[in-house]
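To start, the structure itself, in structure tokens.
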Amino acid sequence: MEGIEKITARIIEDAEREIAAMQQETEEEVNTLLAQAQTEAEQESMELLVRGRRAAEERRERLSSSADMECRKLELAAKQELLQQSFDTALEELCALPQERYVTLLSALAVEASSSGRERMILSAKDADRLGEEIVKAANTALQRAGRRGELTLSEETRPIPGGFILAEGDVELNCAFDTLVRLQREKLEKEVAAILFPAQ
């Protein structure tokens, strides 16, 4: 019987050794897998962080670029508004000139604009009633002083213009209304006026 017990004890011993070795091997494999999983998780986490930062930076750049563009558009709109106000003010000041200067200005314009010296002067209703005869008389005098025919006449027709006049002869009309003159001058002077209003910083 003693032999059987020895054999049994030996089998149990061998089995325990094998179990211990397997446990050791399993533990080492588990530790290796855990370390590998930890490394992969850290690497993946780092990649996610890098991608997230890159995406956030790209989004910040897009938003910044969009904000810059919007800012430039608003600045341009504000500058255009100020330019418009400047030319509107110029038109208002022309129309509000004192009577004597207003008549002198219109007669000087008539000398420049008249080709035959026999055109009809079409004014606004307000100017025609208030100053029509005086404007035509001053224009004819200025034409004669310039050595030209001074036979302009005041038209019975009026036009809805803020100031200035329209010279008409037959079917041909020459627009010397202040709003038209200011608009034409704006095309020539806008850059100059902008440089005064918005000096380079």
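Per-structure values
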| read-out | value |
| --- | --- |
| Protection proxy ranking, peptides 18-29, 181-192, 145-156, average beta carbon neighbours within 10 Å, highest first | 145-156, 181-192, 18-29 |
| Percent accessible area from carbon and sulfur atoms, segment 1-108, protein chains only, probe 1.4 Å | 56 percent |
| Nonlocal amide H pairs with Gly163, under 5 Å, H built at 1.01 Å | Phe178, Asp179 |
| Read-out mean projected area of the Cα convex hull in nm², derived from the coordinates shown; its label in (1) 9.9; (2) 11.3; (3) 24.2 | (3) |
| Calculated FRET value between Ala77 and Asp171, using beta carbons and R₀ = 45 Å, to 0.05 | 0.60 |
| Of Ala90, Leu49, Gly150, farthest towards positive along the dipole that unit charges on Lys, Arg, Asp, Glu beta carbons give segment 1-154 | Gly150 |
| ³J(HN,Hα) computed for each position of segment 89-104 - Karplus, 6.51 cos²θ - 1.76 cosθ + 1.60, integer Hz, glycine/proline x | 5, 4, 4, 4, 5, 4, 5, 9, 4, x, 3, 5, 5, 5, 5, 4 |
| The chain: most fluctuating residue of Ile122, Ile135, Ile12 per GNM, C-alpha cutoff 10 Å | Ile12 |
| Gaussian network model of the chain, springs between alpha carbon atoms under 10 Å - residue of Glu13, Glu70, Glu57 with greatest fluctuation | Glu13 |
| Carbon/sulfur fraction of accessible area - segment 113-157, other protein chains in place, 1.4 Å, % | 43 percent |
| Size of charge dipole - the chain - debye, nearest 20, with Cβ of Lys, Arg +1 and Asp, Glu -1, no other charges | 2340 debye |
| Net charge dipole size for segment 1-93 [Lys, Arg +1 and Asp, Glu -1 on Cβ; Debye, nearest 20] | 520 debye |
| The chain - accessible surface per residue (Å², probe 1.4 Å) | 74 Å² |
| Distance from segment 88-142 to segment 1-61 (C-alpha centre basis), Å | 102 Å |
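The values are calculated or read from the model by the stated rules, or taken from the named source; none is laboratory data. All figures in this text were calculated on a predicted structure; none of them were measured in a lab. Using ideal geometry, Cβ is built from the backbone for each residue, glycine included, and neighbour counts are taken over all protein chains shown. For accessibility, only protein heavy atoms count, side chains too; no ligands or nucleic acids. Shrake-Rupley method; radii C 1.70, N 1.55, O 1.52, S 1.80 Å.
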